[in-house]
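Coordinate-derived values only; no laboratory data. If you're wondering where the values come from, they're calculated on a predicted model, not measured in any experiment. Cβ coordinates were reconstructed from backbone atoms using ideal geometry, including for glycine residues, and neighbour counts include every protein chain displayed.
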């Protein structure tokens, strides 16, 4: 087997607080990703309803918090406090794409909301 020149970091045991934190933060992220998907589905299908209003409110609130936090996830500070050494998106993406995840998801959300607004005027 050929070496790639990169060594894996040593396996460390994560504390229960970090594991609980990652689970909670992951659940929040999945909720926001589902909200983005639902906005897009409604934008493309023409569906409307109370759940869409909840998704939009959640996404606009998150966007405002991210903007107030200068583009960073507002929950990142909690991860730092519990001692999590890895930001959430770096658990699933390499560092550079992980840093771009929040601005890219913001752009995807904005595009979905614009399509939704444009299609709402077609009725």
Practice problem: List the number of the failed condition for residue 57; all other conditions in (1) touching a helix residue (DSSP H, G or I) at 6+ places or on another chain (Cβ under 7 Å); (2) more than 20 Å from residue 19 (Cα to Cα) hold. | Solution: (1)
Practice problem: Check whether at least one residue in the range 67-80 is without any contact (Cβ under 8 Å) to a residue 24 or more places away in the chain, touching a helix residue (DSSP H, G or I) at 6+ places or on another chain (Cβ under 9 Å) and at positive phi, and report yes or no. | Solution: no
Quiz item: Checking residue 83 against (1) touching a residue at least 40 places away in the same chain (Cβ under 8 Å); (2) at negative phi, which single condition isn't satisfied?
Solution: (2)
